[in-house]
Amino acid sequence: MKYTIALSILLFSLMIISCKETKKTIEAPYIEVYSGEYEIKSLNGNESSRALSFTIETSENKISGKTNCNNYFGTYTISNADELKIGPLVATEMYCEENVMKTERELFKAYNDSKTFNFDGKMLTIFNEGGALLVRAYKINK
């Protein structure tokens, strides 16, 4: 009887350990896919004439980037496979030319309005709640 109980406990423990290992294997590829540096090609459906970029660190749910004026960083969350919420963001507060500041405000608003996203391995597109294109960015490193 003692042998049967001990064997049952051992098998149950192995089963629980096996489940935990499977979960880790599933999460790793997800982290690798999005992490990296991106160059913004369009903002609110218009081709970007400014050098805008950002970096995603999926392991920590962090986003950081540069505009032509300020640096910024913050967090993001993904739920239901394609729902995206970016922010809150913190930025340096340097004053630049008005047209540069305007683009920066548009970018921060786009991040704030983000609702869903699509990623095909090279291009990340971010959409608002109505499905309008907010940001199109290309991954520039692997």
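The values are calculated or read from the model by the stated rules, or taken from the named source; none is laboratory data. What you are looking at is a predicted structure, and each value in this text was computed from that prediction instead of being measured. When we count neighbours, we look across all protein chains shown, and the Cβ atoms used for this are built from the backbone with ideal geometry, even at glycine. Ligands, DNA and RNA are stripped out before the accessible areas are found, and what is left, the full protein with its side chains, is counted by its heavy atoms. Shrake-Rupley method; radii C 1.70, N 1.55, O 1.52, S 1.80 Å.
Computed over every Cα-Cα pair of the stretch 74-123 and binned at 10 Å starting from 0, the pair-distance distribution P(r) comes out as 21, 43, 27, 8 percent. Given R0 = 22 Å, the distance between the Cβ atoms of Lys109 and Thr77 translates into a calculated FRET efficiency of 0.75.
Over the C-alpha trace of the stretch 47-134, radius of gyration and Dmax come out as 13.0, 40 angstrom.
Considering only the other residues whose Cβ falls under 9 Å of the Cβ of Phe117, what net charge follows from Lys and Arg at +1 and Asp and Glu at -1? Net local charge, Phe117 excluded: -1.
Sorted by mean Cβ packing within 10 Å, highest first, what order do the peptides 133-140, 112-119, 72-79 take?
Ranked by mean Cβ neighbours within 10 Å, highest first: 133-140, 112-119, 72-79.
Measure up Lys41/Lys139; Lys66/Lys109; Lys62/Lys85; Lys102/Lys122; Lys41/Lys102 against 19 Å on the Cα-Cα distance and list the ones that go over. Checking Cα-Cα distances, Lys102/Lys122 exceed 19 Å.
Per-atom-type breakdown for the stretch 57-142 gives carbon and sulfur 51% of the accessible area (1.4 Å probe, protein chains only).
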